[in-house]
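> Here you go, one structure.
The values are calculated or read from the model by the stated rules, or taken from the named source; none is laboratory data. Values in this document were obtained by computation on a predicted structure and should not be read as measured data. Heads up, the Cβs are rebuilt from the backbone with ideal geometry, glycines too, and the neighbour counts pull from every protein chain shown.
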Amino acid sequence: MSLFLWTFFLLYGGLHYYIFTKIRDTFSLGILVSMLLAFLMLIMVTAPLLVYFSEKYGFPSLARLTAYIGYTWMGVAFLFFSASVLFDLYRFLVPIAGWILSRELPSASLSWRFFLPLVFSLAAGTYGYFEAWNIRTERVVFKSPKIPPEASPIRIVQITDVHLGMIVREERLSRILHEVSKANPDLLISTGDLVDAQIHQLNHLSNLLQEIRPRWGKFAITGNHEYYAGLAQALEFTRKAGFHLLRGEGLTVEGLFNLAGVDDPTGIYYGEPMGVEEKELLSRLPGDKFTILLKHQPVLDGNSLDFFDLQISGHTHKGQILPFRVITRIFFSYTGGLYKLPNGATLYTSRGTGTTGPPIRFLTPPEVTVFELVHDEKPLEKEKRP
């Protein structure tokens, strides 16, 4: 088992032990009930493994059921943990604050410290489940003299982090593609994680994606989940869906603008070669054209900053569930939205179009992003339109 999995199950198991102690102490459980509760917690901790092996050995219905239960619980459990920790912090600080202020401050009882986080987690989880279905269209306008006036405006639509698999399937994909169709794109791009770690029996979903046929085509890059799923089958699915894969490749679309894409660095851990460096890739393209770099993770290569006008990324989900945003910010400086870079270029990080793990998005709704490239004789100006 990889270091990542060991770390995940250690942390996830610790979260469950915390919840177990909260329930046990609140209700003063006996030995038999405590053992039953511990067994249920163990099942929830190992649910991701149960999903994986159920699907792998030919039990897709069981895998989907386990995925919905296990991953929904994951989201609710994290919300409960986040709220409960705040109450624990309050309980710890109250005596200190009372001593400083020389007065007695109110303190929440044991039952309140359990039931208030419980009510919050159930309410937030329910809201987040429906928010995950509420796909929003974000519009971003770029004005540049590099855009040919005869082609203006150019409309590029981005989907990213769809995570087709056990949970995101026909109905959710149909909603996504409905938003894409309404935008009437000249070009459709997928910036990684189109598929999730389990993608068997998804050919019918590639057929739905084939129905979207922008006049200048569809382009995709790899994300980390393409490698988790198995690169060969993930690439086959993406090609069947009608996408042209950019794997360290760049081109000029219809003689109007440059488009380049690079593989996600996760491939290094799966024995994939590094590929061409960004600077080398971008420097091959015509310098007088507006240049777009597709890169799954919103990180910058300092050597290539002067060779693109816009980098489009995803990966972060902007935390997906609000408390996760704190963790996301530890690893990524550009977690979501539009960022102006020092050299005058711009980075856009999408919140993502689907969900990974819990089928919940709390205060981070999914998005389909529409980029409009507009001709302007003025110096390069970039703005976000509501």
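> Could you check residue 330 against (1) without any contact (Cβ under 8 Å) to a residue 12 or more places away in the chain; (2) buried (at least 20 other Cβ atoms within 10 Å of the Cβ); (3) of a type in the set (Val, Ile, Thr) and say which number it fails?
Evaluating residue 330 over (1) without any contact (Cβ under 8 Å) to a residue 12 or more places away in the chain; (2) buried (at least 20 other Cβ atoms within 10 Å of the Cβ); (3) of a type in the set (Val, Ile, Thr) leaves (2) as the failure.
> Kindly indicate whether any position in the stretch 131-139 is part of a helix (DSSP H, G or I) and surrounded by 13 or more Cβ atoms within 10 Å (Cβ to Cβ). Even if it seems obvious, please write down each step before you answer.
As a first pass, look at the stretch 131-139 and keep what is part of a helix (DSSP H, G or I): 131.
Subset that is surrounded by 13 or more Cβ atoms within 10 Å (Cβ to Cβ): 131.
There is at least one residue in the stretch 131-139 that is part of a helix (DSSP H, G or I) and surrounded by 13 or more Cβ atoms within 10 Å (Cβ to Cβ).
> Quick one: residue 188 ticks every box in (1) surrounded by fewer than 20 Cβ atoms within 10 Å (Cβ to Cβ); (2) more than 22 Å from residue 52 (Cα to Cα); (3) of a type outside the set (Phe, Trp, Tyr) except a single one, so which number is it?
Tallying (1) surrounded by fewer than 20 Cβ atoms within 10 Å (Cβ to Cβ); (2) more than 22 Å from residue 52 (Cα to Cα); (3) of a type outside the set (Phe, Trp, Tyr), residue 188 fails exactly one: (1).
> Let me ask something additional. Kindly provide the set of residues from the stretch 305-327 that are buried (at least 16 other Cβ atoms within 10 Å of the Cβ) and either in contact with a Cys (Cβ under 7 Å, 6 or more places away or on another chain) or among the charged types (D, E, K, R) (or both), ordered by number.
The answer is 309, 318, 325.
Conditions (1) β-branched (Val, Ile, Thr); (2) within 28 Å of residue 202 (Cα to Cα); (3) touching a residue at least 12 places away in the same chain (Cβ under 8 Å), marked per residue:
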| site | (1), (2), (3) |
| --- | --- |
| 43 | yes, yes, no |
| 49 | no, yes, no |
| 60 | no, yes, yes |
| 66 | yes, yes, yes |
| 83 | no, no, yes |
| 92 | no, no, no |
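> Considering 144, 102, which residue is within 30 Å of residue 307 (Cα to Cα), among the polar types (S, T, N, Q) and either in contact with a Phe, Trp or Tyr (Cβ under 7 Å, 6 or more places away or on another chain) or exposed (fewer than 14 other Cβ atoms within 10 Å of the Cβ) (or both)?
Details: 102 fails: within 30 Å of residue 307 (Cα to Cα).
Testing whether each residue is within 30 Å of residue 307 (Cα to Cα), among the polar types (S, T, N, Q) and either in contact with a Phe, Trp or Tyr (Cβ under 7 Å, 6 or more places away or on another chain) or exposed (fewer than 14 other Cβ atoms within 10 Å of the Cβ) (or both) leaves just 144.
> Can we say residue 175 is part of a helix (DSSP H, G or I) and assigned by TED's automatic domain parsing to the domain that holds residue 264? Let's see the steps before the verdict.
Working: part of a helix (DSSP H, G or I): yes; assigned by TED's automatic domain parsing to the domain that holds residue 264: yes.
Answer is yes for this residue.
To keep it simple, each residue is scored yes or no on (1) assigned by TED's automatic domain parsing to the domain that holds residue 166; (2) assigned to a loop (DSSP other than H, G, I, E, B); (3) touching a Gly at 6+ places or on another chain (Cβ under 8 Å).
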| position | (1), (2), (3) |
| --- | --- |
| 280 | yes, no, no |
| 293 | yes, no, yes |
| 364 | yes, yes, yes |
| 372 | yes, no, no |
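> So which residues in the stretch 307-334 are assigned to a loop (DSSP other than H, G, I, E, B), under 22 Å from residue 125 (Cβ atoms) and at pLDDT 95 or above?
Start the filter on the stretch 307-334 by keeping residues that are assigned to a loop (DSSP other than H, G, I, E, B), which leaves 308-309, 314-316, 320, 322-323, 332-334.
Subset that is under 22 Å from residue 125 (Cβ atoms): 316, 320, 322-323.
Within the stretch 307-334, 316, 320 qualify.
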